[in-house]
1. How many percent of the alpha carbon pairs in region 85-196 exceed a separation of 25 Å?
2. Could you give the dipole magnitude of region 215-263 about its Cα centre, charging the beta-carbon of Lys and Arg +1 and that of Asp and Glu -1, in debye to the nearest 20?
3. How big is the gap, in Å, between the Cα center of region 1-59 and the Cα center of region 184-233?
4. Across every pair of different alpha-carbon atoms, what Kirkwood hydrodynamic radius in Å does region 208-268 reach?
5. Just grab the label-to-label distance for residue 289 and residue 364, each label 7 Å out from Cα along the Cβ direction, in nm (one decimal).
6. Given the convex hull of the Cα atoms of region 263-327, what is a quarter of its surface area in nm²?
7. Sorted by accessible area with a 1.4 angstrom probe, largest first, how do 193, 183, 353 fall?
8. With a 1.4 Å probe and all protein chains kept in place, how do 67, 216 rank by accessible area, largest first?
Amino acid sequence: MIQSICVLGSTGSIGKSTLDVIARHPETMRVYALSAFSQMVELAHQAQQSQAKVVVVPDAAAAQRFKDAWNSSLPLPEIRLGTEGLNSVASAPEVTTVMAAIVGAACLEPALAAAKSAKRILLANKESLVAAGGLFMQAVRESGAQVLPIDSEHNAMFQCLPPEAQCSAPTEPHGTIRRLLLTASGGPFREATPDQLHHVTPEQACNHPNWSMGRKISVDSATMLNKGLEVIEAHWLFAMPADKIQVVVHPQSVVHSMVEYTDGSILAQLGQPDMRTPIAYGLGYPQRIQSGVGLMDLVQLGRLDFYAPDFARFPCLQLAFDALNTSQAACVALNAANEVAVDAFLQEKIRYTHIPQVIAHTIDRIEKKAYVLAELADVLALDQHARALANEQTQVLMSVH
Ligand code: NAD
Ligand code: MG
């Protein structure tokens, strides 16, 4: 079967790696649609290379920039706009497979549209599960969509599951699983002192020791909020309670995560820190296909280390566990406040150490009321409310910056 693929967020780190893997398999994979929020020159280049039929851009001005950048005799792809455009390609009948690789809660609506349309969803975006894991999984169950986790840790766990447990939206964890062991590199500040953390710059925070990623997830990795989001992600993907998900710091990022079984066995997936491996796993599933990733030299590596996480140095990790144990509303607030805080930090408006303060303050304000999050509109409204609260707190912190 030929897969017809929609790559949401094609100009990002995951998007580019996805196009790299797809280009290695012209006999079985075609690109139907691409999307990008900025970088129209790059998007035009990608659309020419992949011969995409449709591109989605944020607005009319971006569409004009895309047309200006088109320097090929190939016909111009159809251009669609905004969230509606994203939803339309994610659910298009021409599409079999959707790579959800937009950063942040902006991926929620198109990911849900893909879930409702029974697509094969390669889920790189984690924020949509954090904000609306219940709604997303419900849509997957109702439509019979297939979810393949691309986040390297969850992809590793998925690979370590018995085939009968590799289902897309379980309602309870597989009976033989005792725990999920979620590995974390610890990021660039694994051993930083409180004073060093106070003076961290965006460039330092984005300089991850093992992985090359987009700027938002790089900062999330530095604060370890990323690991917290991944705990919530694992909770939804594998129907696993928080107390059965253990975070293990593993600085080499070679063991991508592990599953521990009732008989005491621990199965691990190892590999290079290159996202083309989980992407190729998702695109090829249930077969294994070429990804372009080279050999890994275990002898040269020599050793693998494991530590307990330091919750005092990384308060964001504790905030995420607490949010998962508190409520869905707290998870929405955690994610929204983090997006606002990281953006403000990257623009050098607030300090690195302010990020957990903005999140804690926002969750605190949200928790004072009870929220019913039965529908997407409820989640989106709370997300907007949390962003407004987080922005307010950011302004307060800026004045003492
Ligand atoms: P990135 O910043 O490199 O790329 C993001 C993409 O989303 C770009 O194409 C951008 O144009 C698009 N985009 C940004 N804001 C948008 C908006 N408001 N509306 C529509 N499109 C928008 O990010 P990335 O590192 O590729 O990460 C993408 C997602 O995958 C994130 O959710 C991240 O957590 C997850 N993820 C990434 C990695 C990695 O190695 N990079 C690993 C695991 C999970
Ligand atoms: Mg990850």
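The values are calculated or read from the model by the stated rules, or taken from the named source; none is laboratory data. The shown structure was predicted, so the numbers you read here are calculated from the model rather than taken from an experiment. Note that we place each Cβ from the backbone using ideal geometry, even for glycine, and neighbour counts take in every protein chain shown. Protein only, heavy atoms only, side chains kept; ligands, DNA and RNA dropped before computing areas. Shrake-Rupley method; radii C 1.70, N 1.55, O 1.52, S 1.80 Å.
1. On the way: 1825 of 6216 pairs.
Summing the P(r) tail past 25 Å for region 85-196 gives 29 percent.
2. On the way: 4 positive and 6 negative charges, 59 e Å.
That gives region 215-263 a dipole magnitude of about 280 debye.
3. If we compute the Cα centre of each part, the gap is 28 Å.
4. Numbers: mean 1/r = 0.0765 Å⁻¹.
Hydrodynamic radius (Kirkwood, Cα pairs) of region 208-268 is 13.1 Å.
5. Rounded to a tenth, the inter-label distance reads 5.0 nm.
6. Details: hull surface 33.1 nm².
Computed as one quarter of the Cα hull surface, the answer is 8.3 nm².
7. Numbers: 193 65, 183 5, 353 40 Å².
From most accessible down to least: 193, 353, 183.
8. Details: 67 100, 216 30 Å².
Highest to lowest solvent-accessible surface, that is 67, 216.
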